[in-house]
Amino acid sequence: MTCDEERRLVHDLSEGSYEAFDELYMQYSPLVERFAYALLKNRTEVDDISQNLFLKLWEMRGKLTDVRSLRSYLFTMTRNAVLDALARRKVTVSSSSFPETVLKDVVPDTVIERIDGQNLMVMIDLAVSVMPEQRRTVFTLSRQQMLSHKEIAERLGISVKTVEYHISKALSSLRNILKIAVFFI
């Protein structure tokens with residue numbers, strides 16, 4: 001969808017067009033759901049988030065004329081809804097807990113250009129917070145505390161190969177989640 005098409009649909013939606021809402025829903029709901037599912041891994045929560053998000057969009061349709069990019073707006077709404085869902089699960093997401101050097105491991109420069117650094121770090125923190133416990137621990141020790149694979153293995157009582165496996169899986173997971181996020185921006 002081009003920017004002009006999106007603007008036209010947002011304008012029509014702001015005037016109460018059901019057809020514009022349907023078209024925007026068909027275009028963006030798969031992105032919302034794919035992004036939320038990549039983080040939450042719970043179909044029921046994702047369906048609830050998607051339905052609530054588009055209900056809010058309809059309810060506030062008159063205020064959408066000030067929105068420059070509906071994609072970015074939906075990305076922010078989805079990210080916030082995922083944070084709320086994680087808070088209900090009692091999963092804490094620390095703000096900017098990873099050094100920006102983590103970005104080079106995970107994110108191509110073309111993505112960094114499209115997503116501002118703060119949003120990117122929040123996305124990384126979000127993705128790390130939903131990793132299995134040992135993977136999260138290994139990744140955090142590696143990227144936050146800058147420990148070597150050998151030091152992590154010794155600290156956790158696991159093999160260096162297991163450390164490498166967890167870091168590889170963590171980086172792959174982060175790349176996949178960020179690929180989905182880029183579709184919003």
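Computed from the coordinates by the stated procedures, all read-outs in this text should not be read as laboratory data. Computed from a predicted model, the values in this text were never measured in an experiment. Please note: Cβ atoms are built from the backbone with ideal geometry, for glycine as well, and neighbour counts cover all protein chains shown.
In terms of surrounding Cβ atoms within a 10 Å radius of their Cβ, 140, 2, 76 rank from fewest to most as 2, 76, 140. Exposure proxy for 154, 133: other Cβ atoms within 10 Å of each Cβ, ordered fewest to most, give 133, 154.
Remark: the range 72-83, residue by residue, has Karplus-estimated 3J(HN,Hα) of 5, 5, 5, 4, 5, 4, 5, 4, 5, 5, 5, 4 Hz, where x stands for each Gly or Pro and the curve is 6.51 cos²θ - 1.76 cosθ + 1.60 at θ = phi - 60°.
Each of 67, 128, 160 was scored by other Cβ atoms within 10 Å of its Cβ. Arranged with the fewest first, they read 160, 67, 128. At most 15 other Cβ atoms within 10 Å and a DSSP loop assignment: could you name the chymotrypsin sites (Phe, Trp or Tyr not before Pro) in the range 1-38 that fit? Of the chymotrypsin sites (Phe, Trp or Tyr not before Pro), not one in the loops of the range 1-38 has a Cβ with at most 15 other Cβ atoms within 10 Å.
Taking amide H atoms as placed 1.01 Å from N in the peptide plane, the amide H of residue 147 lies under 5 Å from those of 142, each 5 or more residues away in sequence or on another chain. On the beta carbon distance between residue 155 and residue 48, with R0 = 41 Å, the FRET formula returns roughly 0.55. Listed values for the range 147-158 are Karplus-derived 3J(HN,Hα) couplings in whole Hz (6.51 cos²θ - 1.76 cosθ + 1.60, θ = phi - 60°), namely 7, 6, 4, 5, 5, 5, 4, 5, 5, 9, x, 10, and x replaces Gly and Pro. Each residue of the range 162-167 is assigned a 3J(HN,Hα), and the resulting list reads 5, 4, 4, 4, 5, 5 Hz, derived from the Karplus form 6.51 cos²θ - 1.76 cosθ + 1.60 (θ = phi - 60°), x at Gly and Pro.
In the range 8-61, Cα pairs under 8 Å separated by at least six residues give a relative contact order of 38 percent.
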